[in-house]
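Only one structure is covered here, and it is reproduced in the block below.
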Amino acid sequence: MYQFIQQFHSGWAYLALIMLVIAVINALIGFFSKKEFTPKDRKIAIFALIGTHTQLLLGLILYFVSPLGFSALGNMTDKALRLTSLEHPLTNIIAITLITIAWSKHKKLTSSHAKFKIFAIFYTLGLLLILKMIPWSMWF
């Protein structure tokens, strides 16, 4: 079961990243071109939200079944274990929280420019945090 969840988490990461990158690019284009926020823009943002939340759920399951997750929390002297048991999960939870905040805030805004701005800022920050904490040596 551990192997399946680990592979699924790694595979889904590609989809989640692609959806998030598309949402960030769309938000930046919308913000700088001052276009109207359409249902298509909303769908792009929600697919990125769903993709990252699914990745978080898979990651949390993996965190508790993996020997590199919760059970390794006591060994903070090993850099690789510290990354997988503390830094990676904590930073990604913060990143997905930022993405969720953007989704919540955009619903209260009325202007298209403000909606694109909130997505551009928060989704970009979330993407940067996620990219920073990907365990690249373990991923490829």
Q: At 0.36 nm per residue, minus the direct Cα-Cα distance, what do THR97 and ILE50 gain on full extension? Give it in nm, one decimal, please.
A: 15.7 nm
Q: Kindly write out, for segment 37-42 in residue order, the coupling ³J(HN,Hα) from the Karplus curve 6.51 cos²θ - 1.76 cosθ + 1.60 (θ = phi - 60°), rounded to whole Hz, with x marking Gly and Pro.
A: 7, 10, x, 4, 5, 5
Q) Can you list the trypsin sites (Lys or Arg not before Pro) in segment 29-124 that are in a DSSP coil and have 10 or fewer other beta carbons within 10 angstrom? A) LYS34
Q. Within segment 1-108, how many lysine pairs that are 8 or more places apart, or on different chains, have C-alpha atoms less than 21 Å apart?
A. 14
Q: With θ set to phi - 60°, apply the Karplus curve 6.51 cos²θ - 1.76 cosθ + 1.60 along segment 78-95 and write out the HN-Hα couplings as whole Hz, x wherever there is a Gly or Pro.
A: 7, 4, 5, 5, 5, 4, 7, 9, 9, 5, 4, x, 5, 5, 6, 5, 4, 4
Q. Dipole of the chain, Cα-centred, from +1 at each Lys and Arg C-beta and -1 at each Asp and Glu C-beta, to the nearest 20 debye?
A. 640
Q.
Between segment 77-111 and segment 17-41, what is the separation of their alpha carbon centroids in Å?
A. 20
Q. For VAL21 and SER33 in one chain, what is 0.36 nm times their gap in residues minus the Cα-Cα distance, to one decimal in nm?
A. 2.5 nm
Q | Over the chain: helical MRE at 222 nm, DSSP H runs n ≥ 4 each giving -39500 (n - 2.57), nearest 500 | A | -26500 deg cm²/dmol
Q. Taking N as the number of residues in the chain, what value does Rg over Cα atoms divided by 2.2 N^0.38 Å take?
A. 1.14
Q.
Sort SER66, SER71, SER33, SER111 by Cβ crowding within 10 Å, fewest neighbours at the top.
A. SER33, SER111, SER71, SER66
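Taken together, the values in this text are just the output of simple stated rules run on the coordinates, not laboratory data. Predicted model, so just to flag it, every value in this text is computed and none were measured. Heads up, the Cβs are rebuilt from the backbone with ideal geometry, glycines too, and the neighbour counts pull from every protein chain shown.
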